[in-house]
1. Taking the Cα-to-Cβ direction at GLU99 and at ASP239 and moving 7 Å from each Cα, how far apart do the two end points lie in nm?
2. I need the shape label for the stretch 173-303. Rule: rounded when a/c is under 1.5, else prolate if a/b > b/c, else oblate, with a, b, c from the alpha carbon gyration tensor.
3. Where in the chain is the longest stretch that carries no chymotrypsin sites (Phe, Trp or Tyr not before Pro) classed as loop by DSSP and with at most 14 other Cβ atoms within 10 Å?
4. In the stretch 72-145, which trypsin sites (Lys or Arg not before Pro) are in a loop and have at most 11 other Cβ atoms within 10 Å, using DSSP for the loop call?
5. Which net charge results when you count Lys and Arg as +1 and Asp and Glu as -1 among the other residues whose beta-carbon is under 14 Å from that of HIS66?
6. Taking θ as phi - 60°, what are the ³J(HN,Hα) couplings along the stretch 88-95 by the Karplus curve (6.51, -1.76, 1.60), each to the nearest whole Hz, with x for Gly and Pro?
7. Quick one: 3J(HN,Hα) in Hz for the stretch 72-84, Karplus 6.51/-1.76/1.60 with θ = phi - 60°, rounded, Gly and Pro as x.
8. Would you grab the residues whose amide H sits under 5 Å from the one on ALA253? Only those 5+ places off in sequence or on another chain, please, with H modelled 1.01 Å from N.
Amino acid sequence: MRPGSTTTFINTHQLDPEELMKAAVVRDFRQPLVIEHRPVPTPGHGEIVVRIEASGLCHTDIHAAHGDWPIKPTLPFVPGHEGVGIVTRVGAGVTRVKEGDRVALPWLGYACGTCEFCVSGWETLCVQQVNTGYGMDGAYSEYAKAFAAYVGIVPAGLDPFDAAPLACAGVTTYKAVKASGARSSDLVAVFGVGGLGHLAVQYAKIAGATVVAVDLTEDKLAMAKQLGADYTVNAAREDPVQAIQQLGGADAAIALAVSPRAFEQAFASLRRKGTLVFVALPADNSVRIPIFETVLNGITIVGSIVGTRKDLDEVYELHARGRTHVIRETRSLETVNQSIQDVLDGTVTGRIVFDLRDAAVAAPLERQLTAAGV
Ligand code: NAD
Ligand code: ZN
Ligand code: ZN
């Protein structure tokens, strides 16, 4: 890889195998992603380039690719904010990491570092933040550029394929359980035990709570039970509100299902003084919550967005101590469109993690030819 590579190489056919990489690109919100061959990025001041090993498929990537949210990414872009890999180049001024370090590229790709939120442990609320795989190209790619100050440091010995989902699904639910205030005597309801939820169950158990897991398929509920859930409710077959109220009502409910209806059920499953944590971000952006019951029952509703670098350190520490398990399925990046469909169909248990290790070295010639349009 040489510094200053540009797309000119593609146009002139003067290809250096080291300068091209494979990436899955969103070009249109209504079209499938396209696998393209692009120049490997070069790091600017404060930036690093990471050779991605493992890249998790978060449901947020699907919202990004479909343009689901009020603020849309600028096309074209590379999604992916659960990227883990090895630093191959560091830009000027980088001291936090060095070549050869294993790092994680989380959703919070950049924050200003000086605003009231950044200096008070709420960098995730920084107005100037840039999000990986949304406001800047992400980790569905053999190489990705990142701001050194905001990457996660993956401890030695941690499997990169575990570290990847922990970089978003892990840190987000770890933080959401904190936000729920869950304590040992509490009943915590986890609505949606997919990529995020299977970790939420474990963090709620680590907090000492009794956990009820809610989802729509028996496979996911069986997994939740194996991971420590005390009760499970199949919302496709029974009313979760009734089932949870029969248990005395939830002290906290964490809404991770991509469905406003699930948020409303989570609200109704609370007991007095309960807390509802909003985490999922369905395209359908509103819920109906009754004012009267919220007031009379002293309910707290809190929004929770990912977690800080400190939260991610704690997530990795817990995993290194064997306190959490990541349920995942490894696939190649070429399956990206089918993988998205499988997540939407609800047939994936845990997380899909793309394996980018071999791709980076296995097919340089083929990549050259494709990029050159041969
Ligand atoms: P996922 O698809 O892996 O999991 C969602 C789960 O909800 C699935 O298991 C699905 O079967 C289940 N589900 C769907 N409808 C349901 C219903 N009515 N009742 C119960 N369960 C239901 O998705 P994910 O990657 O875990 O992400 C979940 C959501 O969280 C997405 O909207 C994503 O954008 C959002 N997210 C938010 C943050 C944040 O910081 N707030 C971070 C990451 C992801
Ligand atoms: Zn995510
Ligand atoms: Zn800031």
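The values are calculated or read from the model by the stated rules, or taken from the named source; none is laboratory data. Here the structure is a predicted model, which is why all the values come from computation and not from measurement. Cβ coordinates were reconstructed from backbone atoms using ideal geometry, including for glycine residues, and neighbour counts include every protein chain displayed. Heads up: the accessible areas ignore ligands, DNA and RNA and are worked out on the full protein's heavy atoms, side chains in. Shrake-Rupley method; radii C 1.70, N 1.55, O 1.52, S 1.80 Å.
1. The two pseudo-label positions are separated by 6.5 nm.
2. Cα axes put the stretch 173-303 in the rounded bin.
3. 123-374
4. LYS98
5. On the way: positive: ARG27, ARG30, LYS72; negative: ASP28, ASP61, ASP68, ASP284.
Result for the neighbourhood of HIS66: -1.
6. For the stretch 88-95, the Karplus-derived couplings read 9, 8, 10, x, 4, x, 8, 10 Hz, x marking Gly and Pro.
7. 9, x, 7, 7, x, 8, 9, x, x, 9, 10, x, 10
8. ALA189, THR275, LEU276, VAL277
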